Amino acid sequence: MKPVALRAPIYLLAGRPTGRRGDADPLLVRALASAGAASPSVAYIGAASDDSRSFFVMLSEHLRACGAGPVTLAPLAGRRAAVDKARAILEAADVIFVSGGDVVAGMAVLGEQQIVPYLRELYETGKPFVGVSAGSIMLGQQWVRWEDPADDGSASLFPCMGLAPLTCDTHGEADGWDELRALLRLSPEGTVGYGIPAGAGLLVHPDGTLEALGAPVQRFVRTVRAVARKRDLRPGEAENVMRET
């Protein structure tokens, strides 16, 4: 790989509302165009869906409708996993796309294959990354899981890829961002979490500046006593997550 001067921005997208998948998503169109290539080639990470073939076919069609060229699965999950092949696909692609599914399962696959350090290396040398749904969460710093879903006391935090210097949740507006709030309750005072609603996104610049895309992104902060709602980050506004508390 030939190093470049700057990292590329990261796009964290929630995905479109149910029933609108056939239409081109303007945020995904923008994210793919940011690679600077006509019909950019896409390396598809499907770890969060166990490299589901049907999910890959569906999302490949959606990516091409949004301007992508060839979309190639980087095989990391299950019996068809081939890490050397996956690394070659990831290196050759114009864009790396991290798809949705289950965050816990997806990070388990990436950990088992010991691929996260390589993904960080690709990011540091300028490879653009785009996440959707669980993929956006996985690109962030950490997430929450429960040993016993019926026991709130069994919740614990675990690390994600850490490419984006923040913690986010996606399309959790219907339940009041319960999982994001649970994560923040386990986090140090001052930790901020970002709730990206359906149809919206966050653009993360290399210097830590954030922009809301498509719709306001909700923000929550861990205070001494509780998790409090902050003012939304609205499209056209920016903040630097490195300085924001």
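A compact table of results
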item: Candidates GLY208, GLY190 - the one that is surrounded by fewer than 16 Cβ atoms within 10 Å (Cβ to Cβ), modelled with pLDDT under 95 and closer than 18 Å to GLN141 by Cα; result: GLY208
item: Where a residue in the stretch 79-91 is over 18 Å from ASP50 (Cα atoms) and in contact (Cβ under 8 Å) with a residue 40 or more places away in the chain and its partner, wherever it lies, is surrounded by 13 or more Cβ atoms within 10 Å (Cβ to Cβ) and of a type in the set (Ser, Thr, Tyr), with Cβ under 9 Å and at least six apart; result: GLU91/TYR118
item: Search result, residues across the stretch 220-231 that are charged (D, E, K, R) and either out of contact with any Gly (no Cβ under 9 Å at 6 or more places or on another chain) or touching a residue at least 60 places away in the same chain (Cβ under 8 Å) (or both); result: ARG225, ARG229, LYS230, ARG231
item: Candidates ARG87, ARG79 - the one that is part of a helix (DSSP H, G or I) and within 23 Å of ALA8 (Cα to Cα); result: ARG87
item: Boolean, GLY106 is surrounded by 17 or more Cβ atoms within 10 Å (Cβ to Cβ), of a type outside the set (Val, Ile, Thr) and either in a helix (DSSP H, G or I) or in contact with a Cys (Cβ under 7 Å, 6 or more places away or on another chain) (or both); result: yes
item: Any chance GLU173 is surrounded by fewer than 21 Cβ atoms within 10 Å (Cβ to Cβ), within 19 Å of ALA215 (Cβ to Cβ) and over 14 Å from the mean Cα position of the chain (by Cα); result: yes
item: Unmet criterion (only one of (1) modelled with pLDDT under 95; (2) in contact with a Lys or Arg (Cβ under 9 Å, 6 or more places away or on another chain); (3) not acidic (Asp, Glu)) for ALA74; result: (1)
item: Test result for THR125, surrounded by 21 or more Cβ atoms within 10 Å (Cβ to Cβ) and either without any contact (Cβ under 8 Å) to a residue 60 or more places away in the chain or over 16 Å from the mean Cα position of the chain (by Cα) (or both); result: no
item: Residues being among the hydrophobic types (A, V, I, L, M, F, W, C), within 19 Å of LEU28 (Cβ to Cβ) and surrounded by fewer than 16 Cβ atoms within 10 Å (Cβ to Cβ) - total across the stretch 43-90; result: 3
item: Filter result (more than 24 Å from VAL192 (Cβ to Cβ), among the acidic types (Asp, Glu) and either part of a loop (DSSP other than H, G, I, E, B) or touching a Phe, Trp or Tyr at 6+ places or on another chain (Cβ under 8 Å) (or both)) within the stretch 116-174; result: GLU147, ASP148, ASP151
item: Any hit, the stretch 84-101, residues being farther than 17 Å from LEU73 by Cα and within 16 Å of the chain's Cα centre (by Cα); result: no
item: Selected residue (only one of PRO159, PRO149 is under 23 Å from ILE45 (Cβ atoms) and exposed (fewer than 13 other Cβ atoms within 10 Å of the Cβ)); result: PRO159
item: Single match in SER39, SER54, SER60 (criterion: more than 15 Å from VAL109 (Cβ to Cβ) and in a loop (DSSP other than H, G, I, E, B)); result: SER39
item: Residue identified as modelled with pLDDT of 95 or more and closer than 19 Å to SER133 by Cβ among SER39, SER54; result: SER54
item: Strands (runs of 3 or more DSSP E) completely within the stretch 176-219 that count 2 or more residues being in contact (Cβ under 8 Å) with a residue 12 or more places away in the chain and of a type in the set (Val, Ile, Thr); result: 192-196
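The values are calculated or read from the model by the stated rules, or taken from the named source; none is laboratory data. Only a predicted model underlies this, so the values are computations on that prediction, with no experimental measurement involved. Positions of Cβ are backbone-derived with ideal geometry, glycine not excepted, and every protein chain shown enters the neighbour counts.
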